[in-house]
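Here the structure comes first, spelled out in structure tokens, and everything after it is commentary.
Computed from the coordinates by the stated procedures, all read-outs in this text should not be read as laboratory data. The structure presented is a predicted model; accordingly, all values stated were derived computationally and were not measured. All Cβ positions, glycine included, derive from the backbone under ideal geometry; neighbour counts span all protein chains shown.
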Amino acid sequence: MFCHTVSEFHEVTSLCSKVTMSQNSAKPKHKYRHIFLDAEGTLYVPKHGRSRWVFWENPSAEAAVDFFELDKGVRQALEQLRGEVDTVCLVSRNSELILNALLDKFGIRDYFDEIMVNGHKGKKILEYLQKNGFRRDESIMIGDMPSLDIIPVRDCGIEAILVDRPYNRSVVSERITGVRDLPAWLRLADIADRPARPRLATLDEFFGAVAQFAHDAENGTTKSLIAVART
């Protein structure tokens, strides 16, 4: 959409957080209201930086609970998302046995409205949206594997972004550091989707707008102030 590197994302989300500080008391109305998350490599990762393929040489539910750990900030992000979006779903190609063992170990099962396993992720998400009367343009998939999480989902007309991992950096795509950054990314997407506002052409107009902004803040009716100087 607009940030293709992690450094770009952090630079813009820092600005984004300053713009939205005065609005934090109200529940956000995000552009993307239906969130679909991949599991392995997105919510949880191998411990100690090990390769996931070591696990898949001899996979089992018992081995999984020792091999994987919840990625940094995932639980806090899920908690925040539950208060800010309408639905949060898990979409995984993992076996139900392994996935269930990990969800129980991490204690995150109850954060999800639906858990979908196996099959074409794009088609599964589309079926879920159609069944519930949800819109594709208000939905987004987050995953780590372009061939499984991004391409099939976008082919179904649904937005998708990557969780940044060393093995997917050759792919040009919108990306975030981890699920922990998703709430901030959603706010950034909201700002980018806003209609353009008229520019302030003179200093008098600018200071007048600042004064009005301060007055509105005191009365609890603060609106965003965006001023662009004319050269």
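When the listed pairs 72/105; 31/121; 47/105; 31/123; 29/131; 31/105 are checked against a 24 Å cut-off, the alpha-carbon distance exceeds it for 31/105.
Taking the Cβ of residue 61 as the centre, find all other residues whose Cβ is under 15 Å away and add up their charges (Lys, Arg: +1; Asp, Glu: -1). Let's see the in-between values first.
Numbers: positive: 105, 109; negative: 40, 62, 66, 96, 104.
It works out to a net charge of -3.
Max-minus-min Cα coordinates of the range 57-101 on each principal axis give 39, 20, 14 Å, with the largest extent listed first. Ordered by the count of other Cβ atoms within 10 Å of each Cβ, fewest first, 161, 108 give 108, 161.
Sorted ascending by nearby beta carbons within 10 Å, beginning with the fewest, 44, 128 become 128, 44.
For 30, 120, 48, the sequence from fewest to most other C-beta atoms within 10 Å is 48, 120, 30.
Think of each Lys and Arg Cβ as +1 and each Asp and Glu Cβ as -1; about the Cα centre, that makes the dipole of the range 49-177 roughly 300 debye.
Decide, for the range 6-192, between rounded, prolate and oblate: order the square roots of the alpha carbon gyration tensor eigenvalues as a ≥ b ≥ c, take rounded if a/c falls under 1.5, and otherwise choose prolate if a/b is larger than b/c, else oblate. Mind dumping the intermediate values first?
Values: a/c = 1.57, a/b = 1.37, b/c = 1.14.
It comes out prolate by the Cα gyration axes.
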